[in-house]
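These notes concern the structure reproduced below.
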Ligand code: SAM
């Protein structure tokens, strides 16, 4: 049974890394006058209440997005993401999950396919996103769903794979899904979020190794470390940071991410923080 609830973590440092890169990707796809498809395999509830009992219990949003919204000036390169966060926080004390963020960056012809398996979260997602005719919501396993639904129409597009890593096989399924889906959907850009946890060093290495030997060109790996990976796990959930894999990202994404990582590390992590950005496989 699934027990992870993103409401406890919405707007934390991991969401900021993931959603900054997701927003950069959506903006890049929005530059051309051609529609895109967005696929979200693990959509969660769509958007989150920052004053909910869950959010207040962990205080992660206070240390994350709320502290960035209070800080000034806004980091160069993530203005659109921060504008959306600001308007949602000021208006209703809300934070955009990945579905709401991409919905707000989409145009009339774009399509959003959202999948979620948790019985409560799927109801939240339907209630919050269901009124938009561009949004298609599926109560199903996201790993199987993205295989079944690719290549989508329109073919131009990108996907976020954002598992909760509640089950040990989420790691291997994530790697396998990236590789299989890239073959089924060559035009797609694929994004995978993963946690940096000292107890998961083995899985993180295996993920990188399996992508490297896949021979898929253009795999970019971005990591934001709030503390060194092998240090104690202080923040309750155990994260020392998080990473994003980008398979075949849009043009100039390396430069865009390189422009924001030092600022994110400084704002979210302080002196101990570091970041890395490397091509696991070079683009062709
Ligand atoms: N992508 C969301 C965002 O950025 O706002 C957060 C998603 S949260 C990290 C992961 C979600 O995946 C949870 O809501 C969980 O219920 C859901 N989930 C777990 N296993 C799943 C699976 N196999 N297929 C689809 N959803 C799953």
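Laboratory data are not the source of any read-out in this text; all were calculated from the coordinates shown. Computed from a prediction, not measured in an experiment: that's the story for all the values here. Glycine gets a Cβ as well: all are built from the backbone with ideal geometry, and neighbour counts include every protein chain shown.
Couple of notes before you dig in:
- When segment 150-164 is limited to residues that are surrounded by fewer than 22 Cβ atoms within 10 Å (Cβ to Cβ) and in contact with a strand residue (DSSP E or B) (Cβ under 6 Å, 6 or more places away or on another chain), the one that is nearest to residue 32 (Cα to Cα) turns out to be 154.
- A single entry from 97, 188 fulfils the requirement of being in contact with a strand residue (DSSP E or B) (Cβ under 9 Å, 6 or more places away or on another chain) and closer than 13 Å to residue 39 by Cα: 188.
- Selection status of residue 185, more than 18 Å from the chain's Cα centre (by Cα), crowded, with 17+ Cβ neighbours inside 10 Å and either away from the ligand (no atom under 11 Å from the Cβ) or within 21 Å of residue 23 (Cβ to Cβ) (or both): yes
- Residues of segment 76-96 that turn out to be outside any helix (DSSP H, G or I) and either in contact with a helix residue (DSSP H, G or I) (Cβ under 8 Å, 6 or more places away or on another chain) or buried (at least 21 other Cβ atoms within 10 Å of the Cβ) (or both), as a count: 6
- Residue list for segment 7-20, filter: assigned to a helix (DSSP H, G or I), under 12 Å from the mean Cα position of the chain (by Cα) and within 11 Å of the ligand (Cβ to nearest atom): 14, 15, 16, 17, 18, 19
- Within the option set 51, 33, 62, being part of a loop (DSSP other than H, G, I, E, B), more than 13 Å from the ligand (Cβ to nearest atom) and over 21 Å from residue 155 (Cβ atoms) holds for one residue only, 51.
- Look at segment 139-151: where a residue is without any contact (Cβ under 8 Å) to a residue 60 or more places away in the chain and more than 12 Å from residue 178 (Cα to Cα) and a partner is near the ligand (Cβ under 9 Å from one of its atoms) and part of a loop (DSSP other than H, G, I, E, B), sitting 6+ places away or on another chain with Cβ atoms under 8 Å, you get 139/117; 140/117; 141/117.
- Test: residue in segment 103-123 that is outside any loop (DSSP other than H, G, I, E, B), touching a residue at least 12 places away in the same chain (Cβ under 8 Å), within 15 Å of the ligand (Cβ to nearest atom) and under 27 Å from residue 212 (Cα atoms): no
- Within segment 124-145, being part of a helix (DSSP H, G or I) and touching a helix residue (DSSP H, G or I) at 6+ places or on another chain (Cβ under 6 Å) holds for 129, 143.
- Single unsatisfied condition, residue 99 versus (1) in contact (Cβ under 8 Å) with a residue 60 or more places away in the chain; (2) buried (at least 22 other Cβ atoms within 10 Å of the Cβ); (3) near the ligand (Cβ under 10 Å from one of its atoms): (1)
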